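Asker: One structure follows; several queries about it will come next.
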Amino acid sequence: MSTENEPRLRTSGYLSWVEEIWYGLSHPLYDVMAWWSFLPLGGETACRQEFARWFRLVPGQRVASLCCGSGSTEQAVLSVAPSVEITGIDLGAGQIARARRKDPEGRIDFRVGDASSTGLERASFDRVLITLALHEMPRDARLAVVCEARRLCKPDGLVIAIEHGRPVGLVSRLLRGFWWFAWVPGNPEIATTRDLQNRGLANEMREVGLDVVDRHTTRLGWVEGIVARPGAE
Ligand SMILES: C[S@@+](CC[C@H](N)C(=O)[O-])C[C@H]1O[C@@H](n2cnc3c(N)ncnc32)[C@H](O)[C@@H]1O
């Protein structure tokens, strides 16, 4: 499935040493960057709460969040559905340390781990989320994470992936590129983001056997959410 020119992951599981350091250290800058990124979309809290509504949560459900980062989406989930049980997994020890600090009561089970091979039980989650992480991975790694999401999802559950959308119009595209740091020299996400957009998130989810049932977009179309059911094995 991979092509020869595809960027390769380092042994850490990241594309570049910049990401190893950025996600490995626990620092507030990631959250500052996230705050900045969501400003044109109406603010981070409102936006992540909108994501949480896309998840169609029901009280008591079990939720797995792959590549959970510093835990902001998981906090938004609890704010709209306080009784769900969440497990969050991220490769970055720094990200997980920060996520745990935002959750002093330990309501969320945050773990350091590889989202493509979680070791969690098959078909044990009602909702499996992947928020704004796949665009950082080459195709093989993306498909492996989406496959794992499908494996973890109950047959009547949902897998929801949230990613960079395709804004309509040149001005919106240019503004997003500027706002989301596409101009930073050596930005390791550019090639993988472009590849994901060209192939289409929904198409890649279908490729691993998911049935797409819904699609959402935020203001300006900058972010899309694809909702899918695990298809028949
Ligand atoms: C842009 S951040 C998004 C984090 C979070 N979901 C959010 O919405 O803020 C991408 C995250 O994916 C994580 N990541 C990348 N590859 C991963 C993998 N194979 N397994 C687990 N986490 C991974 C990174 O450590 C990073 O925290």
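FYI, it's all coordinate maths here, none of it is from the lab. This structure is a prediction, so every number in the text was calculated from the model and none was measured. Note that we place each Cβ from the backbone using ideal geometry, even for glycine, and neighbour counts take in every protein chain shown.
Asker: Please report the antiparallel percentage of the DSSP beta bridges confined to the chain, to the nearest 5.
Answerer: Working: 13 of 33 bridges.
If I count the DSSP bridges inside the chain, around 40 percent turn out antiparallel.
Asker: Something else now. Roughly how many Å is it from the Cα centre of the range 134-188 to that of the range 1-73, as a whole number?
Answerer: Value for the Cα centre distance between the two parts: 9 Å.
Asker: To continue, here is another question. Would you mind telling me which residue in Glu121, Glu50, Glu189 has the biggest mean-square fluctuation in a Gaussian network model of the chain, where springs connect alpha carbons within a distance under 10 angstrom?
Answerer: Of the options given, Glu121 has the highest mean-square fluctuation.
Asker: Could you work out how much longer the chain between Arg101 and Phe178 gets when fully extended? Use 0.36 nm per residue separation minus the Cα distance between them, nm to one decimal. Walk me through the numbers on the way to the answer.
Answerer: Working: separation 77, 0.36 × 77 = 27.72 nm, distance 3.10 nm.
Stretched fully, the Arg101-Phe178 segment lengthens by 24.6 nm.
Asker: Using only alpha carbons, build the gyration tensor for the range 121-229 and give me the equivalent ellipsoid semi-axes, biggest first, whole Å. Please list the in-between numbers first.
Answerer: Working: eigenvalues 140, 46, 22 Å².
In descending order the semi-axes read 26, 15, 10 Å.
Asker: Here's another thing I want to ask about it. To make sure I understand, if each residue's beta carbon is the centre and we count other beta carbons within 10 Å, what order do Cys147, Cys153 fall in, fewest to most? Don't jump to the answer; show the numbers that get you there.
Answerer: Values: Cys147 16, Cys153 24.
With the fewest neighbours first, Cys147, Cys153 line up as Cys147, Cys153.
Asker: Taking the Cβ of Gly13 as the center, what net charge do the other residues with Cβ under 10 Å away carry, scoring Lys and Arg +1 and Asp and Glu -1?
Answerer: Here the charged neighbours net out to -2.
Asker: Further question: Shape of the range 1-154 from its Cα gyration tensor (a ≥ b ≥ c, root eigenvalues): rounded if a/c is under 1.5, otherwise prolate when a/b > b/c, or oblate?
Answerer: On the way: a/c = 1.57, a/b = 1.20, b/c = 1.31.
Taking the square roots of the gyration eigenvalues as a ≥ b ≥ c, the range 1-154 is oblate.
Asker: GNM, the chain, Cα, under 10 Å: largest mean-square fluctuation among Gly60, Gly169, Gly119?
Answerer: Result: Gly169 has the largest fluctuation of those listed.
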